[in-house]
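Peer 1: Before anything else, here's the structure in question.
The values are calculated or read from the model by the stated rules, or taken from the named source; none is laboratory data. The structure presented is a predicted model; accordingly, all values stated were derived computationally and were not measured. Glycine gets a Cβ as well: all are built from the backbone with ideal geometry, and neighbour counts include every protein chain shown.
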Amino acid sequence: MITICPPLKIHHKMFNFTERPTNLTEDVQYRAEIVSQTCRFSDKFDYYADYTFENTIPNASKLIEIMSNVAPTLDTFYGCKWRRKSIPCHHLFDPVLTENGICFSFNSFKSEHYRNEFKNSPPNVSFDNNFDKPDRKIEWDLEHGYNDEALRSLKAYPFHTAGAGPSQALQLQLADEYRGRDNKCRTYEHHITLILQTPGEEPQVSNNYNFLPFHHYVTVTIKPQIMTTSERLRHYTPERRQCYYQYERNLRYFTKYTQANCELECLANLTLAECGCVHFSMPRTSSHPVCGFRSLSCVNKVATDFTSWKFMTMTKSNIKNASCNGNCLPTCFDVKYKAEIEQVPFTVINPFARLVALEVKFDEDVFSNLIRSEVYSKTDFIADCGGLLGLFMGVSILSLVELVYYLTVRLWLNLKERRRINAREIKKEIKEIA
């Protein structure tokens, strides 16, 4: 899955901190509270005098709607090509909510990402211009991949290519307009963020990202790292093999277990325990308060501390009353994506916008995978012991049987024979005396 995050999160026509309204109505205050979640104020304390920021956001059910309304839409994408065929960008990309605001994902599992009872509570972004998006049936699984029919069909979802090279690439033209800038709310960066991740994972900008500089042709070459697990390990416990099969671990919010989803769920639990609320981008129930602007320092502190907590065994005793239901081990079948990025600058043509030409492709047609397996099974251990004994001591299985025989049966027979001989001699001595 490819997630692209434009630098502009708030369009100045929808809400502008620079042009502070003279009449701060309750609605303006509420919108300011929500919009401030994605701002980086140069001096946030200056805005406490202008707006009344709170510790939690009241009526958080409207948060996603308001954030979607003020954010730039897919107009950021000027052109999309998939395998050299022009396709409407909203047919390829779904809006998603990250900790940095609205982003757009290719090959997203948005429709089947959360469990049914939580589909209305977690972030679920939609735009009006997606009304003609085609229905998609997910035909891929992390453990089993595509079935034979889907593998032969290039129309299967999530989309896959027939090989490497530019003819099988995803090509995009991205633009960021200067005229959409809000000087007070510093969401304006000098790059576009690109995230590569396994389909089914919640995109997290802070974990794994790449920068796409403006006014450059950028080529991203993907090298998958595939990890599978030997069937001989299935009978081991997850702690011993250090991975989970899908049926071994269920998450509260997500339909599919991945290490990243597990850690995000743990982080949400920790944030709720420490701050009394969760970040707007975290999975949650309808009863969980959403953190306001004044609580963001607590949220950021928990996120920073979590980088050290997640290397510990996640138990109820060591995560301060927030249960993670066990350690977040990797999945036994996993895919990671490494990217090599090439950048070539080009001359600026549009003085009112910053442009990026992006091409994403695979490095090779076929990829090898790593297999997690046991170094020594019980059979291998016994065979190695027998081989070493036979090599250095001339011992065989028959020799071991003979050893047992002489230490048990033979010893018992010798003792029995000795007692019989002693009894005979005693009888003989009695006869001689008589």
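Peer 1: Pull up segment 255-265, narrow it to residues that are outside any helix (DSSP H, G or I) and within 11 Å of the chain's Cα centre (by Cα), then point me to the one that is surrounded by the most Cβ atoms within 10 Å (Cβ to Cβ).
Peer 2: This residue is Thr258.
Peer 1: Can I ask one more? From Val205, Val218, Val278, which residue is under 26 Å from Pro95 (Cβ atoms) and surrounded by fewer than 21 Cβ atoms within 10 Å (Cβ to Cβ)?
Peer 2: That would be Val205, the only listed residue that is under 26 Å from Pro95 (Cβ atoms) and surrounded by fewer than 21 Cβ atoms within 10 Å (Cβ to Cβ).
Peer 1: Check whether at least one residue in segment 91-104 is within 25 Å of the chain's Cα centre (by Cα), part of a helix (DSSP H, G or I) and at pLDDT 75 or above, and report yes or no.
Peer 2: Yes, the conditions are met somewhere in segment 91-104.
Peer 1: Still on this structure, I have one more. Residue check: is Ile371 modelled with pLDDT of 85 or more and more than 18 Å from Leu196 (Cβ to Cβ)?
Peer 2: Yes, satisfied.
Peer 1: Could I ask something else about it? Filter segment 229-247 for residues that are assigned to a helix (DSSP H, G or I) and not hydrophobic (A, V, I, L, M, F, W, C); which is nearest to the chain's Cα centre (by Cα)?
Peer 2: For segment 229-247, the residue satisfying everything is Gln246.
Peer 1: Condition first: of a type in the set (Phe, Trp, Tyr) and surrounded by 15 or more Cβ atoms within 10 Å (Cβ to Cβ). Can you find one or more residues in segment 232-246 that meet it?
Peer 2: Yes, segment 232-246 contains a residue that is of a type in the set (Phe, Trp, Tyr) and surrounded by 15 or more Cβ atoms within 10 Å (Cβ to Cβ).
Peer 1: Within segment 114-134, identify whether any single residue is at pLDDT 75 or above, buried (at least 21 other Cβ atoms within 10 Å of the Cβ), part of a strand (DSSP E or B) and not acidic (Asp, Glu), and answer yes or no.
Peer 2: There is at least one residue in segment 114-134 that is at pLDDT 75 or above, buried (at least 21 other Cβ atoms within 10 Å of the Cβ), part of a strand (DSSP E or B) and not acidic (Asp, Glu).
Peer 1: Among the residues of segment 266-278, is there at least one that is modelled with pLDDT of 85 or more, outside any loop (DSSP other than H, G, I, E, B) and more than 26 Å from Tyr209 (Cβ to Cβ)?
Peer 2: yes
Peer 1: Being within 18 Å of the chain's Cα centre (by Cα) and outside any loop (DSSP other than H, G, I, E, B) is the filter; apply it to segment 279-304 and report the residue that is farthest from Ser61 (Cα to Cα).
Peer 2: Thr304
Peer 1: In segment 305-346, what count of residues is obtained for those that are modelled with pLDDT under 80 and part of a loop (DSSP other than H, G, I, E, B)?
Peer 2: Number satisfying all stated conditions: 18.
Peer 1: Taking segment 275-287 as the region of interest, how many residues are farther than 18 Å from Val205 by Cβ and either without any contact (Cβ under 8 Å) to a residue 24 or more places away in the chain or touching a Lys or Arg at 6+ places or on another chain (Cβ under 7 Å) (or both)?
Peer 2: Qualifying residue count, segment 275-287: 1.
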